[in-house]
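Heads up, the thing below is written out as structure tokens.
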Amino acid sequence: MEEEARKLNFLEEIIEDDLKSGKVESILTRFPPEPNGYLHLGHAKSLCINFGLAQKYGGKTNLRYDDTNPTKEDTEYVDAIKEDIKWRGFQWEKECYASDYFDQLYEWAEWMIQQGLAYVDDQTQEQMRENRGTVDTPGKNSPWRDRTPEENLKLFREVRDGKYADGEKVRRAKIDMAHPKMEFRDPIMYRIKHAHHHRTGDKWCIYPMYDYTHGQSDSIEHITHSICTLEFDVHRPLYDWYIKTLGIYPSHQYEFARLNLTYTLMSKRKLLELVQKGLVAGWDDPRMPTLCGVRRRGYTAEALKMFCEKIGVSKRDQLMDIQLLEWCVRQDLNARANRYMVVSDDPIKVTLTNWPAGQVEWYDCPLNPADPEGAKRKVPFTGELLIDRADFMEDAPNKFFRLKPDGEVRLKYTYIIKCNELVKDAEGKVIELKCTYDPSTKPGSGEWRSVKGTIHWVSTAYAKELELRQYDRLFTLADMSQVPEYMDYKDFLNPESLVIAKGYAEPALLEDKSGIAVQFERVGYYIIDKDSTSEHPVFNKTTALKDSYRPE
RNA sequence: UGAGGUAUGGUGUAAUGGUAGCACUACAGAUUUUGGUUCUGCCUGCCCAGGUUCGAAUCCUGGUACCUCAACCA
């Protein structure tokens, strides 16, 4: 046990060393989303690292919005991000915005010009691209590179004051156009954007780039450990360069491998596209891998926490099997999700021919079988029932344990019944099963008899129609053997590639119209309300569920 | 042909010079009033080649593969 706890990932080692050596007194991390989309499963990992590490070592975490690109950002996202972080169970120390630092950043920018460390460039985007060179050929200096500090300052102020149009000029750091690291070939610090910012409004028409903003923001807040994903590792030298050049608080950046999940899209850009094209109902569509999406799907914050603890932290590219996530969800839900019996639409009627007419028996069924002494629900049993069509098969193979002609099955919590006769309609479709029940098999009376199958049922007399507007698991519970690995979102949108996992037993959360959470123990039922605006053919199915559940 | 990063079963992650462990998955079996859960069993691994050493996943040398970087995105 204790040895288990002693295993540290590389970030924990770094932090412990820094704490031990006195390099820092306590740690301060930050979670820096750009408010241009909703948080997804990948962010769950980042959240767990940035907040979790601080928590573990008695430090704090700032929530900082990286809002340096006004054309992509919006307060809708700012609010949604906060909500998701809270749902996940984390509390930030300070709520910060990169835009809070625009004035300071600008001051530093003028100072750099005065030091001859930056210049205004008149090249077009194309010229700049050409002159930047490639990974194995050096770049060429801009013809405007040697403007005097005075001229640069004058120009820069004119740019700031809006004398130029978008793209006309750009502000660059003067480093080295032949540098082997592409990031050092005179990186752009400011670009002109006559755009309305969600916080600073129209105050600025120039906006700083990520590289010129992030390190300084960390520094201003005195972030001790700035932890980000691997693709930023090539930026670290530049991060350090700005901090060193400006002589400000030395925050340090560390990188870990971002999370990828099999069969799952984890790109904000593509998720945004799904939303914008109306291919999903929104960012919180349960098919989406967003935190609000999986939340509607029934995932719990605890399950996500468990998952993040299991996947570990390293610098190797990580493609996690989504089955581990699902295992975590089941693990969590299995212990505490309430269970209700349910049949999906198009059920089969079962008539018990030897049941005393009009008789009703009530059963106390546990809300959670794992806790048989816990809360109960009352379920009425009568001589006319409905069962799920999938629980009956006329020409059943040997391995089919549910109801078949002349076969026996246990109705969950009640009697064993035997199927004696099929009733079919004109098309030959089975519409009713005439069965007999075995009175001696009533639970609690006499000897217990076992049969292979146990199925759900509802009493037609008491069945309550419950219209649900949430469908469930269409995406992640698709039969994985049917879809190619790395299923692209285009395939995702192709209904042919989706196979609903029928009978996959897992507790799930669904919501009815009034927003009440109802949990069923078998999923594979997908439900959508009649008013659904989704254009996706798979989802345009109206399903009314019948449930034996009777509130109080 | 540049710079940076990473290599341990199918997937992910431990072992820091001393028997390659754990989890998920797959498979097999037991239990089961959910074909769930639980329990048991089981297959599969140190990128390659040299070297140092009594002993190497670990140290050294040389290869190889994969990822990231050439947005006025973050």
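Indicate the gyration tensor shape class of segment A:31-89 (rounded, prolate or oblate), computed on the Cα atoms with a ≥ b ≥ c the square roots of the eigenvalues: a/c under 1.5 is rounded; otherwise a/b larger than b/c is prolate and the rest oblate.
Prolate, because a/c is 1.5 or more and a/b exceeds b/c.
From the phi of every residue in segment A:136-153, what ³J(HN,Hα) in whole Hz does the Karplus formula 6.51 cos²θ - 1.76 cosθ + 1.60 yield, where θ is phi - 60° and glycine or proline is x?
Values, residue by residue: 10, 10, x, x, 10, 5, 6, x, 9, 5, 9, 4, 6, x, 5, 5, 4, 5 Hz.
Calculate, in nm to one decimal, what A:K442 and A:K378 gain on full extension: separation in residues at 0.36 nm each, minus their alpha carbon distance.
21.4 nm
Could you calculate the FRET efficiency of A:M393 with A:T200 from 1/(1 + (r/R0)^6), where r is the beta carbon distance between them and R0 is 51 Å, rounded to 0.05?
0.20
Amide H to amide H under 5 Å from A:G407: which residues, 5+ apart in sequence or cross-chain, H placed 1.01 Å off N in plane?
Here A:C419 satisfy the definition.
Report the FRET efficiency, 1/(1 + (r/R0)^6), for A:T71 and A:N334, where r is their Cβ-Cβ distance and R0 is 41 Å, rounded to 0.05.
The formula returns an efficiency of 0.35 here.
Mind giving me the nanometre distance, one decimal, between the label points for A:Q104 and A:E421, set 7 Å out from Cα along Cα→Cβ?
Between A:Q104 and A:E421, the simple spin-label model gives 8.5 nm.
For the charge dipole of segment A:423-465, defined by +1 on Lys and Arg C-beta atoms and -1 on Asp and Glu C-beta atoms about the Cα centroid, which residue among A:G428, A:V458, A:G444 has the Cα displaced farthest towards the positive pole?
Result: A:G444, furthest along the dipole toward the positive end.
Which far-off residues, 5 or more places away or on another chain, put their amide H under 5 Å from the one on A:R377, with H placed in the peptide plane?
A:C365, A:L367
At 7 Å along the Cα-to-beta-carbon direction for both A:D136 and A:E13, put a label point, then send me their distance in nm to one decimal.
Distance between the two pseudo-spin positions: 3.4 nm.
Estimate the FRET efficiency between A:E151 and A:A370 by the formula 1/(1 + (r/R0)^6), using the beta-carbon distance for r and 56 Å for R0, to the nearest 0.05.
Calculated transfer efficiency: 0.15.
Amide H of A:E255 versus every other amide H placed in the peptide plane: which residues, excluding those fewer than 5 positions away on the same chain, fall under 5 Å?
Excluding prolines and chain starts, which carry no amide H, the hits are A:C228.
Debye sum, Cα scatterers, segment A:219-326, no solvent: what log₁₀ I/I(0) at q = 0.13, 0.14, 0.20 1/Å?
-0.68, -0.76, -1.06
Once you order the gyration tensor axes a ≥ b ≥ c over the Cα atoms, which shape class does segment A:101-155 get: rounded for a/c under 1.5, otherwise prolate or oblate by comparing a/b with b/c?
Here segment A:101-155 falls in the prolate category.
So what's the projected area for segment A:159-222, the Cα convex hull averaged over all directions, in nm²?
Mean shadow area of the hull around the Cα atoms is 5.5 nm².
Dividing the convex hull volume of the alpha carbon atoms of segment A:1-159 by its residue count, what do you get in Å³ per residue?
208
How large is ³J(HN,Hα), in whole Hz, for each residue of segment A:234-241 in order, when computed from phi with the Karplus curve 6.51 cos²θ - 1.76 cosθ + 1.60 and θ = phi - 60°, using x for Gly and Pro?
Running phi through 6.51 cos²θ - 1.76 cosθ + 1.60 with θ = phi - 60° gives 6, 8, 4, x, 6, 3, 5, 5 Hz.
Whole-Hz ³J(HN,Hα) for each residue in segment A:296-305, computed from phi via Karplus 6.51 cos²θ - 1.76 cosθ + 1.60 with θ = phi - 60°, x for glycine and proline: what do you get?
Per residue, the Karplus-derived 3J(HN,Hα) values read 5, 6, x, 5, 10, 4, 5, 5, 5, 4 Hz.
Just the number, please: Stokes-Einstein D of segment A:147-277 in µm²/s, Kirkwood Rh from C-alpha pairs, 37 °C, 0.692 mPa s.
190
Quick one: work out Rg over Rh on the C-alpha atoms of segment A:233-291, Rh as Kirkwood radius.
Over the Cα atoms of segment A:233-291, Rg/Rh equals 1.24.
Just so you know, all these numbers are worked out from the coordinates, no wet-lab data involved. Just so we're clear, the structure is a prediction, and the values are computed from it rather than from any experiment. Cβ atoms come from the backbone with ideal geometry, glycine included; neighbour counts cover every protein chain shown.
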